[in-house]
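Undergrad: The structure follows.
Only the coordinates and a few stated rules stand behind these numbers; no lab work does. Fair warning: this is a prediction, and the values are worked out from it, not measured in the lab. No Cβ is skipped: glycine too gets one built from the backbone with ideal geometry, and neighbour counts run over all protein chains shown.
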Amino acid sequence: MRQMHAVSSSDNVTGAVLYVERGCVHCHGPDGSGSGRGPDLSDVGRHRSKAQLERQIREGGKGMPRFGDTLQTDAIESLAEWLTTKRHPETRPRRSRSRPKSAEEY
Ligand code: HEC
């Protein structure tokens with residue numbers, strides 16, 4: 001089923017749904033912060049372009065299955081689009097990386 005018009009906000013929803021439905025969660029974690037099998041994606045939008053993300057999804061590689069056979073182009077695009085919005089340098093206080101100076105005293 002196709003939407004009449006592709007808007008980026010609905011793409012984000014589609015990407016998030018596909019991420020769960022297509023099993024990306026199993027390797028990249030429910031919130032995209034990685035698991036034992038796949039790397040953290042929570043900041044991937046800063047390091048990869050949309051084209052690179054699409055290629056990774058389509059072709060996989062090094063422990064990631066290829067999805068080019070099972071996902072349609074627009075689905076891959078939605079996922080890539082959604083992933084480009086993943087830019088959280090610190091989603092979780094896992095370890096304190098060099099933080100920008102801010103008035104963060106409590
Ligand atoms: C079987 C486990 C597995 C599944 C399922 C999986 N991945 Fe991956 N993914 C990996 C691994 C392992 C890598 C690292 C590959 C490498 O180092 O080249 C990776 C890498 C990536 C990268 C590149 C990260 C970077 O920093 O460049 C993206 C983007 C990505 N996966 C998205 C997805 C999406 C979207 C899905 C679902 C459609 C998915 N993956 C499903 C294991 C998986």
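Undergrad: Hey, can you tell me all the residues within region 55-77 that are free of Cβ contacts under 8 Å to residues at least 60 places away in the same chain and hydrophobic (A, V, I, L, M, F, W, C)? Working first, answer last.
TA: So in region 55-77, the residues free of Cβ contacts under 8 Å to residues at least 60 places away in the same chain come out as 55-73, 76.
The answer is Ile57, Met64, Phe67, Leu71, Ile76.
Undergrad: What residue, among those in region 55-64 that are within 9 Å of the ligand (Cβ to nearest atom) and surrounded by fewer than 13 Cβ atoms within 10 Å (Cβ to Cβ), is farthest from Arg37 (Cα to Cα)?
TA: Out of the qualifying residues, it is Gly61.
Undergrad: Count, please, the residues in region 19-54 that happen to be in contact (Cβ under 8 Å) with a residue 12 or more places away in the chain, near the ligand (Cβ under 9 Å from one of its atoms), surrounded by fewer than 19 Cβ atoms within 10 Å (Cβ to Cβ) and not in a helix (DSSP H, G or I).
TA: The qualifying residues number 6.
Undergrad: Another question, then. Return the residues of region 65-84 that are assigned to a loop (DSSP other than H, G, I, E, B), more than 8 Å from the ligand (Cβ to nearest atom) and in contact with an Asp or Glu (Cβ under 9 Å, 6 or more places away or on another chain); say none if nothing qualifies.
TA: First, pick out the residues of region 65-84 that are assigned to a loop (DSSP other than H, G, I, E, B): 65-72.
Restricting the remaining residues to those that are more than 8 Å from the ligand (Cβ to nearest atom) gives 66, 68-70, 72.
Arg66, Gly68 - these are the residues of region 65-84 that are assigned to a loop (DSSP other than H, G, I, E, B), more than 8 Å from the ligand (Cβ to nearest atom) and in contact with an Asp or Glu (Cβ under 9 Å, 6 or more places away or on another chain).
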